[in-house]
Amino acid sequence: MNHLSRTSRHGAHAVVIGASMGGLVAAAAVAPYFDRVTVLDHDALPTEPAPRRGVPQGRHAHALQPGGLLALEDLLPGITDDLVAGGGRAGDASGNCGWWIGGGTLARGIAGNVVMGITRPYLEHTVRTRIAALPNVTLRDQTDVVAPLGKDGHVRGVAVTPTGGGTADEISADLVIDCSGRVSKLPDWLTGLGLPAPEEERVHCKMSYLTRRWRFANDVMGADVFQVITPDATPHFGVCILQEDGTYIVTLGGLLDGAPAKTDEAYLAFARALSVGRIADALDGAEPVTEFQPSHFPYSRRRRYDRVATHPVGLLALGDSIASFNPMYGQGMSVAALQAVALRDMLRRGPVDPKAYYRKAHGLEDVAWKITTSGDLRFDEVEGKRTPDMKFMNSYLDRLTLAARTDPVLAQQFLRVAGFIDPPTAFFKPSVLMRVFRRNRSAATEATATSAAAA
């Protein structure tokens with residue numbers, strides 16, 4: 001039974017659709033405010049850290065941004081220590097990470113923000129274990145949700161069937177949260193309830209990539225937890241992350257179907273062709289631990305529930321069910337955790353107004369959307385809407401990241417915004433603008449002097 005007072009209670013039962021990270025953080029958010037919470041999932045949930053069919057990205061590199069890790073800690077106090085206790089490799093977002101962004105490496109420093117080197121199955125298992133231990137939460141796997149139950153604008157539960165077929169059942173609920181991700185059927189469900197479906201926005205990045213875990217034979221990575229090489233002149237990228245078992249996961253790929261072929265020779269040649277050679281050097285003599293794992297992500301997508309005029313009472317969406325981003329940027333889990341914190345805070349104050357919730361959820365995903373899509377749309381072949389403010393922001397960020405190659409303060413400010421610690425408005429603080437201006441003026445002066453000397 002919920003330990004909160006009756007005035008804090010919002011109902012007898014909440015149902016969460018999906019037991020991936022979005023569903024787990026949603027369960028953590030609502031558990032204090034309902035007598036019971038049931039989390040439904042299509043898969044047979046593993047009892048140990050293991051990839052599963054419902055999380056196709058589980059074999060690839062994953063990252064919680066510093067702000068996402070803080071949000072997860074807010075929802076589940078002590079979870080950071082739990083992750084470290086099981087082998088998670090904590091590091092400083094600047095001091096223990098190499099960031100090649102905008103054609104150069106950001107200056108190092110001590111950001112004071114934590115990143116965690118872990119596999120997705122280990123992260124999800126650790127969080128799922130904490131959620132399963134909550135006395136009023138039940139995880140019900142191998143269950144498919146057919147549709148919400150409701151009429152007259154009120155949702156009162158869900159219709160379900162066992163995965164693979166069987167007798168249908170109905171589960172009553174005071175609140176249903178759709179965390180089923182990119183496969184979400186919520187727009188169709190809304191139409192079935194006689195309500196409008198949201199507008200949908202897409203950016204066709206055509207991201208493809210190839211992942212393998214390795215045991216390195218050298219110490220090129222040193223104390224680094226992350227090495228990230230983002231696209232610059234070419235649409236290719238590389239990510240290398242230390243994992244909880246001491247191996248490294250390396251994901252190589254690119255926009256516009258730019259992944260290497262599934263051979264050792266092609267993979268290593270791709271790494272050597274990246275703008276900086278740190279990952280290629282680390283792979284020298286490395287022993288593969290897994291087979292190659294390919295993946296393709298055709299487009300980033302968001303559904304504008306914040307623009308829908310009428311919402312049903314008792315039905316919300318969270319995480320990838322609202323917006324899913326190019327996974328190269330590592331934003332999805334962090335956005336879900338931040339949205340879950342926002343939902344919890346609204347429940348703490350009283351009944352949740354869907355319009356207010358979606359405005360807040362949109363504000364959180366919009367930061368990630370602008371970061372990911374503005375980067376992808378730098379390449380003319382990527383299909384999507386280009387806006388004047390996007391062009392302005394890209395131009396300014398080019399100047400900021402150029403300055404951040406030699407200015408640790410600017411580098412850390414960039415990482416704080418990209419990591420969901422600070423809002424994007426922090427880029428335009430007078431102190432930041434002045435540092436960007438001075439560093440760019442200095443760089444231009446040096447370039448002019450070099451050209452004159454060469455002449």
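Readers should treat all values here as calculations from the given coordinates under stated rules, not as data from a laboratory. Keep in mind it's a predicted model, so treat the numbers as computed, not measured. Positions of Cβ are generated from backbone atoms using ideal geometry, with glycine treated the same way; all protein chains shown enter the neighbour counts.
Observations on the structure shown:
- In the chain, the longest principal axis of the Cα atoms and the axis of helix 354-376 are about 30 degrees apart.
- Farthest towards the positive end of the charge dipole of the stretch 202-320, among the residues G314, A273, P298, is the Cα of G314, using unit charges on the Cβ of Lys, Arg, Asp and Glu.
- Volume per residue of the C-alpha convex hull in the chain, rounded to whole Å³: 157 Å³
- Full-stretch length increase - D398, R9 - with 0.36 nm per residue and alpha-carbon distance subtracted: 135.1 nm
- At R0 = 22 Å, FRET efficiency that the Cβ-Cβ distance of A217 and K262 yields, to 0.05: 0.50
- Taken about its Cα centre, the stretch 388-446 carries a charge dipole of roughly 140 debye when the Cβ of each Lys and Arg holds +1 and the Cβ of each Asp and Glu holds -1.
- CD proxy at 222 nm, helix term only [per DSSP H run n ≥ 4: -39500 (n - 2.57); per residue of the chain; nearest 500]: -11000 deg cm²/dmol
- Additional length obtainable on full extension of the chain from A273 to E200, 0.36 nm per residue less Cα span: 22.7 nm
- Sum of side-chain charges, L149 neighbourhood, beta-carbon under 13 Å (Lys, Arg +1; Asp, Glu -1): -2
- Summing charges over neighbours of T129, with a neighbour being any other residue whose Cβ is under 11 Å away from its Cβ, gives -1 when K and R count +1 and D and E count -1.
- Taking Cβ atoms as reference points and 14 Å as the exclusive limit, the residues near F437 contribute a net charge of +4, counting Lys and Arg as +1 and Asp and Glu as -1.
- Comparing A403, A426, F392 along the charge dipole axis of the stretch 388-446, the residue lying farthest to the positive side is A403, per the Cβ-charge model.
- Assigned charges on the beta-carbon of Lys, Arg, Asp, Glu; the chain dipole about Cα centre (debye): 1140 debye
- Likely footprinting exposure, E265, E201, fewest C-beta neighbours within 10 Å first: E265, E201
- Average Cα contact separation per residue, the chain, under 8 Å, 6 or more apart, as relative contact order %: 20 percent
- Reach of K391 by Cα under 29 Å, taken over lysines that are not fewer than 8 positions away in the same chain: K206, K360, K370, K429
- Between F379 and D169, the modelled label-to-label distance comes to 4.6 nm, taking each label 7 Å out from Cα in the direction of the beta carbon.
- Spin-label model distance (nm) - D188 vs T138, 7 Å beyond Cα toward Cβ: 2.7 nm
- Per-q log10 I(q)/I(0), the stretch 388-446, q = 0.16, 0.21, 0.30 Å⁻¹ (Debye; single scatterer per alpha-carbon; no solvent): -0.46, -0.78, -1.35
- Legend: ranking of residues F297, F325, F428 from fewest to most surrounding C-beta atoms inside 10 Å; resulting order F428, F297, F325.
- Helix axis angle, 120-132 relative to the chain longest principal axis, alpha carbon, degrees: 30 degrees
- Neighbour counting of Cβ atoms within 10 Å sorts the residues T425, T372, fewest neighbours leading, into T425, T372.
- Between 0 and 90 degrees, the angle of helix 332-349 with respect to the longest Cα principal axis of the chain falls at about 50 degrees.
- On the beta carbon distance between A233 and D353, with R0 = 30 Å, the FRET formula returns roughly 0.05.
- Each Cα pair under 8 Å and six or more residues apart adds its sequence gap; the mean of these over the residue count of the stretch 216-263 is a relative contact order of 28 percent.
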